[in-house]
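Here the structure comes first, spelled out in structure tokens, and everything after it is commentary.
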Amino acid sequence: MEAPALLAAHDRRVSLIRQAANEAHDGDYSLRWGELLARCATWFSSLPYSPELYREPGGAFRCTVETAFYAMRLAGGQKFGTNLSSERRRHVEPQYNHAVFLAALCSGLDEPYRHFIVLRSRDRAQWNPAGHGALGPWLSGDTYAVQRRQAPLPIERMRTALFAQNLIGHELLAGYEAEVLAQLFGAINPTVVAPPGESLVHKVVRQAVAVAVDFDKKAQHAVFEAVQYPVPPAINVAAAVQPVVMPTPAATPIEGATPAAPVSPGGPDAPVPETLAQPAATASSAGATTGATVAAAGVPASAAPLTVDATPSTVPPLETGEPLRSPESRKKDDSQLGLPFAGEKPPQASVDPAAIRPAGRPAPAATPAGFDEVLEGQPNMIREFFRALREDVAADKAKVNWTDKGLAVSKRLVGSYGVASDTLVEYLRKRKLLVANVQAEIVLAPRAGELILERGAE
């Protein structure tokens, strides 16, 4: 199977890695992340991962993508290089995050070779990744056969690291710090049990591999936690808030009393049965009008008679002794019995839940002119920070102030949006959007401050 076909088959999983990479430009993502995924697809082709895990065709590549994604998610909550200075840590931390991705991506390179013998069909040659490299170019479009080894080859982490170096290449690792490279190759194909003095990169990759293995075992046995509270569609939630009119049970007739015809509360257009035992009379022709005077039980005799216009309709025989009511007859509650108080209110019209905005929340502030131009090249995290802070300042939920140099924003306020102040300072300095970085606040350049609060709008 060619690499583009494998990437297309796992497009949704690859998209999750693209989102977690948080790269502003597609070129940077393709160079540091996407190109490595394509090389892995070429390396594995359609091989399964092992006889027990990810054993379907293409399972080795699926295991690699899922393990890499789990490792990236776990690395997002870790702090690397905590023993370094803040300036040094800002430089090294992106390298650690990328090292986690590389270690997770390369941890399974040796696994299919340990469990299977791959035979090329045209010459029955055996694939040896140490000498032949990736499986795809070695096959050159030919078919192959897979035989399971009688016993898996022993785990050799040094062999896996050798495959990883061939896959990654020297160009991508040229700018990495020595400590980062040491932890990267020490975390490839991690041990199941945490070793003494375990590095943070090894810990994250080890946990990601365990999550991927556990997920595939549950998938094979269809063992998943039951969803107890399914989320209904929004349109059903809107329809559920409308009042429901339930039919009122018929009153028990008094012994010895003459049954009287019930009064239809639906108005002059509703059909009225003459008695409880007889079906309603139908008009002899369309448009004919028949006047009928009906007396209701419990209504004084001096009350004015009710004149009803019968319309052509067919009413089925009554089985329970309760008259059948049309939808128009439900405009009032039957329990009113003619007493002079208001009946049930008509149901309200359905409302689109997407159009409802919670009380007290203002409409989103419009994106100012030049937003994309000023923040060009910034990652989505910084863009979302500026949008969120602009909305909160407009709603008077956050306080910023203009100074002679620029817009002053407290570091505590920056941290409340999930962005480290040091990270914000680093990205702003690249675009020359930072004026000052003091102990408690950050002063943004005027063109960056205008994106949050216009000057003079305080």
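The table below lists the values:
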| read-out | value |
| --- | --- |
| Cβ-Cβ under 8 Å pairs, at least 6 apart or on other chains, the stretch 53-77 side within 15 Å of residue 36 (Cα to Cα), far side aromatic (Phe, Trp, Tyr) and surrounded by fewer than 20 Cβ atoms within 10 Å (Cβ to Cβ) | 66/215 |
| Which listed residue, of 121, 140, 199, is touching a Ser or Thr at 6+ places or on another chain (Cβ under 8 Å) and in the same structural domain as residue 34 (by TED's automatic domain parsing) | 121 |
| Residue count, the stretch 167-188 (criterion: surrounded by 13 or more Cβ atoms within 10 Å (Cβ to Cβ) and either closer than 16 Å to residue 68 by Cα or not charged (D, E, K, R) (or both)) | 14 |
| Of the criteria (1) at pLDDT 85 or above; (2) closer than 28 Å to residue 85 by Cβ, which one residue 378 fails | (1) |
| Which listed residue is in contact with a helix residue (DSSP H, G or I) (Cβ under 9 Å, 6 or more places away or on another chain) and over 30 Å from residue 382 (Cβ atoms), from 29, 113, 70 | 113 |
| Qualifying residue in the stretch 166-174 (condition: over 17 Å from residue 60 (Cα atoms), in contact (Cβ under 8 Å) with a residue 12 or more places away in the chain and hydrophobic (A, V, I, L, M, F, W, C)) | yes |
| Yes/no for residue 160 being of a type in the set (Ser, Thr, Tyr), assigned to a helix (DSSP H, G or I) and either under 16 Å from residue 107 (Cα atoms) or in the same structural domain as residue 101 (by TED's automatic domain parsing) (or both) | yes |
| Residue ID - farthest from the chain's Cα centre (by Cα), chosen from residues in the stretch 23-65 that are among the basic types (Lys, Arg) and over 17 Å from residue 2 (Cα atoms) | 55 |
| Complete set of residues in the stretch 103-131 that are among the charged types (D, E, K, R) and in a loop (DSSP other than H, G, I, E, B) | 110, 122, 123, 124 |
| Test: residue in the stretch 198-217 that is of a type in the set (S, T, N, Q) and either exposed (fewer than 12 other Cβ atoms within 10 Å of the Cβ) or more than 14 Å from residue 106 (Cβ to Cβ) (or both) | yes |
| Output for the stretch 7-27, where each listed residue is among the small types (Gly, Ala, Ser) and closer than 18 Å to residue 70 by Cα | 15, 20, 21 |
| Residue pairs meeting the criteria (Cβ under 9 Å; at least 6 apart or on separate chains; first under 17 Å from residue 454 (Cβ atoms), in the stretch 374-400; second among the basic types (Lys, Arg) and modelled with pLDDT under 90) | 374/431; 374/447; 375/383; 375/431; 391/397; 393/399; 395/361 |
| Residue 22 within 30 Å of residue 429 (Cα to Cα) and in contact with a Pro (Cβ under 9 Å, 6 or more places away or on another chain) | yes |
| Residue satisfying condition, being farther than 24 Å from residue 174 by Cα and crowded, with 21+ Cβ neighbours inside 10 Å, within set 96, 113 | 113 |
| Residue 153 being in contact with a Lys or Arg (Cβ under 7 Å, 6 or more places away or on another chain) and either surrounded by fewer than 17 Cβ atoms within 10 Å (Cβ to Cβ) or not assigned by TED's automatic domain parsing to the domain that holds residue 96 (or both) | yes |
| Test: residue in the stretch 84-102 that is in a loop (DSSP other than H, G, I, E, B), touching a residue at least 60 places away in the same chain (Cβ under 8 Å) and over 23 Å from residue 164 (Cβ atoms) | no |
| Helices (runs of 4 or more DSSP H) contained entirely in the stretch 9-50, each with at least 2 residues that are surrounded by 15 or more Cβ atoms within 10 Å (Cβ to Cβ) | 11-21, 35-44 |
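The values are calculated or read from the model by the stated rules, or taken from the named source; none is laboratory data. It should be emphasised that the depicted structure is a prediction, and the values quoted were computed from it without experimental measurement. No Cβ is skipped: glycine too gets one built from the backbone with ideal geometry, and neighbour counts run over all protein chains shown.
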